[in-house]
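Right, one structure below, let's go through it.
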Amino acid sequence: MIASHYKLIIVTPVYEDVEASTRLFEELYVQFGKEAYVVVVDDGSIKQPVKVESLNQAGVNGVVLKLRCNVGHQRAIAVGLGYVSEIMQPDQLVIVMDSDGEDLPDTITALITQLGADSVDVVVAERKSRVETFRFKLFYTIYKRFFNLMTGRSISFGNFMALKFVAVKRLVAMPELMIHVAGAVIASKLRAGICPLDRGSRYAGQSKMNFVGLVLHGFKGLMVFAEDVLVRVGIACAGIASCSILGAVAAILLKLIGFSTPGWFSIALGILVLMFLQTGALALMTLMLTGVVRGGSVTTAAVYREYIDEIIESNNV
């Protein structure tokens, strides 16, 4: 169990990345010494599983949660927060960060400082600069615009964040946390502060996330707001269907007054009728799906234990 004298709990997922995560533990000890407790979520690593000796050698206090299988980056974070929610104290703060070095330990203090305000429940890191390719930056810009169009909300942050006790308790009660952490923060309606921070470079190795994985991650963000997306798609389809009806009426009027060439009327009317039937059916289907999209959802707090195979605590004092 986490003792009450720890001021900070740090949750970080690790998958086949021992070298980088070991460097992170060392950096965390330099920054916080014995004041931080590190919850390492080993996301089903086989080749390079995280061992508690890495925490012991770095001198940090913490625990390694070994998951039964690889569940993905977002779900691993959710499992870590589910574990923390049951053992943390109301006066403790939680940091969620990646273990590869791109979330810099020396910027955690900036997040904590901003979290000190009574009007803020969670502080998220918005990137001032990125060590990324032009293609990544281009597609990320396009994604943010598309996300705003489909959900009516803006997203400009990832997993690096600081949370108060109330924020952790609220998030683990949300099924969306298992899908997309940043999306769940937005959907939670928690009072969020934004802290612009630079993004670091990886300590070692290569990122396990490829382009397809990034696209999937982006679509999972949309899944959090599936109801809003479906309604907007339904409204758009209904609008197109209405326009097709108006077009069909206009085509009939042109035919009746003689302003149509041979064959034009039948082709135009056929296309417009098909547009109406397809978009009308799609609009009806999307609106019906809004009633079942959340069916069967379970909260992180209820199921996180099912993912954990073993809990190993460090022996640092």
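Below, the figures for the structure above:
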| quantity | calculated |
| --- | --- |
| Any hit, region 119-133, residues being more than 17 Å from the chain's Cα centre (by Cα), small (Gly, Ala, Ser) and outside any strand (DSSP E or B) | yes |
| Test: residue in region 142-151 that is crowded, with 20+ Cβ neighbours inside 10 Å, among the hydroxyl-bearing types (Ser, Thr, Tyr) and under 30 Å from Ala117 (Cβ atoms) | yes |
| Residue in region 4-19 that is touching a helix residue (DSSP H, G or I) at 6+ places or on another chain (Cβ under 7 Å), among the acidic types (Asp, Glu) and in contact (Cβ under 8 Å) with a residue 12 or more places away in the chain present | no |
| Some residue of region 80-97 being closer than 19 Å to Glu26 by Cα and either among the acidic types (Asp, Glu) or not assigned by TED's automatic domain parsing to the domain that holds Ala36 (or both) | no |
| Hits in region 287-307 - residues which are out of contact with any helix residue (DSSP H, G or I) (no Cβ under 7 Å at 6 or more places or on another chain), at pLDDT 65 or above and of a type in the set (Val, Ile, Thr) | Val303 |
| Where Met88 falls short, out of the listed (1) within 15 Å of Glu310 (Cβ to Cβ); (2) in contact (Cβ under 8 Å) with a residue 12 or more places away in the chain; (3) not β-branched (Val, Ile, Thr) | (1) |
| Any chance Arg170 is out of contact with any Lys or Arg (no Cβ under 6 Å at 6 or more places or on another chain) and in a helix (DSSP H, G or I) | yes |
| Of all residues in region 152-204 being without any contact (Cβ under 8 Å) to a residue 40 or more places away in the chain and surrounded by fewer than 16 Cβ atoms within 10 Å (Cβ to Cβ), the one that is nearest to Ala301 (Cα to Cα) | Lys189 |
| Condition met for Ala173 (at negative phi and not assigned by TED's automatic domain parsing to the domain that holds Asp98) | no |
| Search result, residues across region 105-119 that are crowded, with 19+ Cβ neighbours inside 10 Å and of a type in the set (A, V, I, L, M) | Ile108, Leu111, Leu115 |
| Matching entry among Ile95, Ile77 (being more than 19 Å from Asp309 (Cα to Cα), in contact with a strand residue (DSSP E or B) (Cβ under 7 Å, 6 or more places away or on another chain) and surrounded by 22 or more Cβ atoms within 10 Å (Cβ to Cβ)) | Ile95 |
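The values are calculated or read from the model by the stated rules, or taken from the named source; none is laboratory data. Here the structure is a predicted model, which means the values were calculated and not measured. Cβ sites come from the backbone with ideal geometry, for glycine too, and all protein chains shown count toward neighbours.
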